[in-house]
Amino acid sequence: MANLALFQLIVYNLLQANLRDVIIFHCAQKYALLPLVQLFSKNYIFSQFVNLNVEQEQLSNFHKDYLDSDLTKLGVFLDLSCSHSSYITNQSSQARLYTEHFHWLLYDEVGNMTQLEELYNKANLSINADVTYVKLAEESNEGSIFTLYDVYNRGSHLGGKLNVTIDQNVYCNRSSCEIKEYLSELHTRTRLQQRSNLEGITFRQVALVTVLPLNSSEQVLLDFLNSEQDAHVDWISRLGYRNNLHLQEMLQFNVTNVWVDQWSLNDTIGGAMGKVVNELVELSTTAFVLSTARLKKIFPTTDIGQFRSVCIFRTPHNAGIKAGVFLEPFKPSVWLVFVALLVLSGLLLWLIFRLEHHWMRRYLAYIPSLLTSCLISFGAACIQGSHLIPHSTGGRLAFIALMLTSFLMYNYYTSIVVSTLLGSPVRSNIKTIQQLADSSLDVGFETIPFTRVYLNSSPRADIINLVKRKVDGRNPSSIWFSAQEGVLRVRDQPGFVFISEASFSYNFVEKYYMPHEICELNEILFRPESTVYTIVHRNSTYKELLKQIQLRMLEGGMTQKHRRFYTKTKLHCFSNNYVINVGMEYAAPLFMALLAAYILSFIILVLELGWSYLSRHHLQRSIGGQ
């Protein structure tokens, strides 16, 4: 191994890979490695040397002793001519060290390709393995030519074959190295581009179907995932299945399906999630919401949709009398100023009528009293006009000013009231889960495991209050419904709140609701909206390849096309689809005010009649006494 050209090649290869940390597995004498140590020191490369001329038992934990590192990537040089090199390769295969986290440089001075195939034909090489095989092609006194090969396997445990592709010839002398010639087109593509054809590989795919028994024939289950009927049923799994079909078409791999009927039992156990976490499958048709526990086990490749749990309900029209709408157009200060203006106008009209009668000699049949003048002023405010108007020019101008002011106020007031009552559907003032928990409305939930788990485990104070007030102590049959049952009950029972996954329940809303009933729906987010991601195992060697292809699909619009078909993000309400009926909660204050006015008028009339009767009786007694 005492070859300065080889030492230069090692340093050159590490620098080309931007690595400054390396482990050297060798079987040479220490003095022969001195030039290599000097080269490492000169190029600021941190190195560790492991001599393989020891008993095999001393190497039993070499992968933990030397290769268990926190570094993003570590260079590893292995001399295949050493006696224990096969043990190193076998143990590295079992420990799954042939990944993108290690840059392997395998040197074979003899250049025995048969030995390489024997060592790595069944090895656990990955598609993202960074393994370079080096053999001495030509040696002279001036320097040496080394031939480099790219070594990888698309997946030996999935039917992949060992692939050794010639790359380039590198000429090295005692002082430097340079590329002599390229022997293939590897240098024109990235490593993943070179290995993107997965022909011959059979991926295991966990396929989720909840609406059909798993003992159905595989063709029936596949037909369901491929069908477009009732797209809302298992939409996450069907959307992911369509995306996986595109992946299969692009990467040319085969698929065998593992069928399940549950997403998971908790964050990482059971169902489709459990299959991925336990590395029993490479792909999943269903996407998942991410959590801290899940991110420790899985790797999200790309987002394909949104998971929204919402509370929907129609506003009950008998939820109490609401008189505020008739006072809202003006602030209290405006109302006070307007009332003061009407009183002042009534007083002014009364003075004008008296001045016209006494000083201007413009006689009226009678002189209006102060109360009558105030009624004339109030009638002007209500745009009712008056049968008595001043005869003088100044008086008429004052009356015109009063009418104009009342006209502007009246039009502004009526426009606000009409737009409030008739401009849009009546909306509830319940906007949060806490307000829902404090209300008297009945609540129902869709019977899906996610909702049950969230109600039992959520640390949110508003969810805890909702459970205490709406769930605990109630008959389960009165709060747990299928999506169809819950949506129909919301339609038929205004004020009933149903909590469900939006994309699923929206299909039943569009199917069973009239357009104006859709416009009357209120919606509250049950939990923050979450993105669902396609996933692979965190240690999957295919994660970067799958991520790049799926991002390309996302950018090209294929994912968005399927998402629009399988998911519904909102309900459409158009202004010409509904007719607003003003209920008694708004009209009752008007009738109550009218009734109160009639009662007050009747009381005053009785008092006036009584006063008149007493006056006449007193007058008769006075006349009789005379």
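Listed residues Thr420, Thr451, Thr414; which is modelled with pLDDT under 70, of a type in the set (Ser, Thr, Tyr) and either assigned to a helix (DSSP H, G or I) or more than 29 Å from Phe330 (Cβ to Cβ) (or both)? Every option except Thr420 fails the conditions. Within region 527-541, the set of residues being open to solvent by less than 30 Å² (accessible area, probe 1.4 Å) and either in contact with a Phe, Trp or Tyr (Cβ under 8 Å, 6 or more places away or on another chain) or basic (Lys, Arg) (or both) comprises Ser530, Val532, Ile535, Val536, His537, Ser540.
No other residue among Phe288, Phe307, Phe253, Phe224 is open to solvent by 20 Å² or more (accessible area, probe 1.4 Å), hydrophobic (A, V, I, L, M, F, W, C) and modelled with pLDDT of 90 or more apart from Phe224. Residues of region 1-38 that are assigned to a loop (DSSP other than H, G, I, E, B) and open to solvent by 60 Å² or more (accessible area, probe 1.4 Å): Ala2, Asn18, Arg20, Gln29. Can you pull out the residues in region 214-248 that are within 21 Å of Ala483 (Cα to Cα) and β-branched (Val, Ile, Thr)? Of everything in region 214-248, those that are within 21 Å of Ala483 (Cα to Cα) and β-branched (Val, Ile, Thr) turn out to be Val233, Ile236. Being within 23 Å of Val276 (Cβ to Cβ) and touching a strand residue (DSSP E or B) at 6+ places or on another chain (Cβ under 6 Å) is a property that Arg563 has.
Restricting Arg491, Arg469 to residues that are at pLDDT 85 or above, outside any loop (DSSP other than H, G, I, E, B), over 23 Å from Ser264 (Cα atoms) and open to solvent by 80 Å² or more (accessible area, probe 1.4 Å) narrows the list to Arg469. Among the candidates Leu551, Leu545, the residue that is surrounded by 20 or more Cβ atoms within 10 Å (Cβ to Cβ), among the hydrophobic types (A, V, I, L, M, F, W, C) and within 15 Å of Pro300 (Cα to Cα) is uniquely Leu545.
Residue selection: Thr559 fails the criterion of being open to solvent by less than 90 Å² (accessible area, probe 1.4 Å), at pLDDT 80 or above, closer than 24 Å to Tyr513 by Cα and of a type in the set (S, T, N, Q). Only residues in region 553-564 that are free of Cβ contacts under 8 Å to residues at least 40 places away in the same chain count as the first member; pair them with residues that are open to solvent by less than 60 Å² (accessible area, probe 1.4 Å) and assigned to a helix (DSSP H, G or I), Cβ under 8 angstrom, at least 6 apart or cross-chain, and list the lot. Listed by first residue and then by second, the contacts come to Gln560/Leu554.
The values are calculated or read from the model by the stated rules, or taken from the named source; none is laboratory data. Fair warning: this is a prediction, and the values are worked out from it, not measured in the lab. Methodologically, a virtual Cβ is constructed for each residue, glycine included, from the backbone with ideal geometry; neighbour enumeration extends over all protein chains shown. Calculation scope for accessible area: heavy atoms of the full protein, side chains included, ligands and nucleic acids excluded. Shrake-Rupley method; radii C 1.70, N 1.55, O 1.52, S 1.80 Å.
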